[in-house]
Amino acid sequence: MLTVAQALEMVLQNVRPLPAATATLGPDALGLVLAEDIASDLDLPPFDKAMMDGFALRASDLRDGRTELTIIEEIPAGKTPTRTVAAGQASRIMTGAPMPGGADAVVMIERCEIAGQSVRVNEPRPASGMNVLPRGREMRVGETVLRAGTRIRPQELGLLAAVGRTSAKVQPRPSVAILPTGDELVDPSQQPGPGQIRNSNGPMLVGQAARAGATPRFLGIARDEIGHLRSLIAKGLRSDVLLLSGGVSAGKLDLVPGVLAELGVKPLFHKISMKPGKPLLFGVCSPHPPPLSQEERGALVFGLPGNPVASLVCFEVFVRSALRVMRGLPPGPSQVSATLTKDLPYRTDRTLYYPVRLSHSDAGFSAEPLAWFGSPDLRGTMSANAFAVLPEGECTVRPGERIAVLRMEEID
């Protein structure tokens, strides 16, 4: 069997960033990655700008920081000054308003006392440029302000708006089709009958795909019947990624591998040395033999185990990494070194992923092992935000020892 590292390398050899597309720059663009450089179409600010409410004046008029000046006009934000400030004069100005000619400083209103058409100024440290933001201080026309590869956050949306962009080329969200399989599954709205369970993997994988920045599409539940399975898998292969849950082991009704092969999916591996998650299947649906060239792209297919935590872990290790590459990001997974907080005895013949609660302080990361009885125990992961990655063997990891930890939540 392949190791986790070998399997992940094989996945990444067969995934490429999606072709760039133009997106409207609104809330739906959050988390997308720019596929083009963005240049400013103007100087920002486009004029010398007052940074305080107060009076625009000549700093040289403030002898010993005190003087009385004649008020010649008032300049609100959004209006253009009409008069030049001469010696002995000042213009009342609001935050964000353009500076009048002749003035080189703004004294805040709290240090001014208005008396009719005059203002008494008391500024202990007068200086040219005080409380003034010069034209072009933030950016110059033609200057590149965002590079391709930048992930769009709220502040990027603001900057894009500032340079007049309402759309941009981005790496689009991958489409992910989700198909749980098995006659034992019923919809969560139903009361399970004898031998049945509610479909929990479907909603879980929809949530994981959405959290990973993809667009999930739930296809329903595929029955253990070749015709029904073939129809839904064919529909799923129209997406960038198809996630199947269950039906990939070696049982009589584990029909998924055969149907995938019939529909042109080339399996690249089936079963890996990890726990939980051993039955994982990965393949590519493409008219070209893998690995694909830079110009080629086929639907990626992951046959995830049916056990809930096995499915959860395989998504975080393999699927999330593939989705990140499709979105134009480094692959991950996001793994850190953490200090264990209490004993963690274990025995495993494969790399073990054990749920932990990861926290961070000035001393670094620490990981608390949680009560958990294995891959069927989804409830045992409710307090988990990470998995300890433990090598094969039998031992007890002691408090204070360092372990590798896979984060379930992205930090970039």
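The table for this structure:
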{"item": "Residues located in the stretch 193-250, provided they are under 26 Å from Arg16 (Cβ atoms) and among the basic types (Lys, Arg)", "result": "Arg211, Arg217, Lys235, Arg238"}
{"item": "Options Thr166, Thr150: the member that is closer than 27 Å to Pro330 by Cα, within 16 Å of the chain's Cα centre (by Cα) and polar (S, T, N, Q)", "result": "Thr150"}
{"item": "Verdict on Gly102 being at positive phi, in a loop (DSSP other than H, G, I, E, B) and out of contact with any Ser or Thr (no Cβ under 9 Å at 6 or more places or on another chain)", "result": "no"}
{"item": "Residue list for the stretch 310-347, filter: over 30 Å from Val284 (Cβ atoms) and in contact with a Gly (Cβ under 9 Å, 6 or more places away or on another chain)", "result": "Val336, Ser337, Ala338, Thr339, Leu340, Thr341, Tyr346, Arg347"}
{"item": "Yes/no for Lys275 being of a type in the set (D, E, K, R) and under 30 Å from the mean Cα position of the chain (by Cα)", "result": "yes"}
{"item": "Residue list for the stretch 150-181, filter: of a type in the set (A, V, I, L, M) and open to solvent by 30 Å² or more (accessible area, probe 1.4 Å)", "result": "Leu157, Leu159, Ala161, Ala162"}
{"item": "Those residues of the stretch 321-340 which are open to solvent by 10 Å² or more (accessible area, probe 1.4 Å) and in contact with a Pro (Cβ under 6 Å, 6 or more places away or on another chain), in sequence order", "result": "Arg324, Val325, Gly328"}
{"item": "Hey, Phe315 under 30 Å from Ala35 (Cα atoms), modelled with pLDDT of 95 or more and among the aromatic types (Phe, Trp, Tyr) or not", "result": "yes"}
{"item": "Residue, most open to solvent (accessible area, probe 1.4 Å), within the stretch 85-99, restricted to residues that are assigned to a strand (DSSP E or B) and touching a Pro at 6+ places or on another chain (Cβ under 7 Å)", "result": "Pro98"}
{"item": "Search result, residues across the stretch 364-385 that are within 13 Å of Thr339 (Cβ to Cβ) and either over 26 Å from the mean Cα position of the chain (by Cα) or among the basic types (Lys, Arg) (or both)", "result": "Pro369"}
{"item": "Subset of the stretch 386-405 [more than 23 Å from the chain's Cα centre (by Cα) and closer than 11 Å to Ser366 by Cα]", "result": "Pro399, Gly400, Glu401, Arg402, Ile403"}
{"item": "Qualifying positions in the stretch 7-62 - buried (at least 19 other Cβ atoms within 10 Å of the Cβ), in a strand (DSSP E or B) and of a type in the set (Gly, Ala, Ser)", "result": "Ala23, Ala50, Gly54, Ala56"}
{"item": "Only listed residue being in a loop (DSSP other than H, G, I, E, B), more than 30 Å from Pro17 (Cα to Cα) and touching a strand residue (DSSP E or B) at 6+ places or on another chain (Cβ under 9 Å), chosen from Thr82, Thr67", "result": "Thr82"}
{"item": "Residues within the stretch 71-84 that are β-branched (Val, Ile, Thr) and open to solvent by 70 Å² or more (accessible area, probe 1.4 Å), tallied", "result": "3"}
{"item": "Some residue of the stretch 354-369 being modelled with pLDDT under 95, open to solvent by 80 Å² or more (accessible area, probe 1.4 Å) and within 23 Å of Ser311 (Cα to Cα)", "result": "no"}
{"item": "Complete set of residues in the stretch 119-136 that are surrounded by 13 or more Cβ atoms within 10 Å (Cβ to Cβ) and polar (S, T, N, Q)", "result": "Asn122, Asn131"}
{"item": "Residues of the stretch 105-144 that turn out to be under 26 Å from Ser40 (Cα atoms) and outside any loop (DSSP other than H, G, I, E, B), as a count", "result": "4"}
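The values are calculated or read from the model by the stated rules, or taken from the named source; none is laboratory data. Since the structure is predicted, the reported quantities are computational estimates derived from the model, not experimental observations. All Cβ positions, even for glycine, are placed from backbone atoms using ideal geometry, and neighbour counts span all protein chains on display. When the accessible area is computed, the model is the full protein with side chains, heavy atoms only, and any ligands, DNA or RNA have been set aside. Shrake-Rupley method; radii C 1.70, N 1.55, O 1.52, S 1.80 Å.
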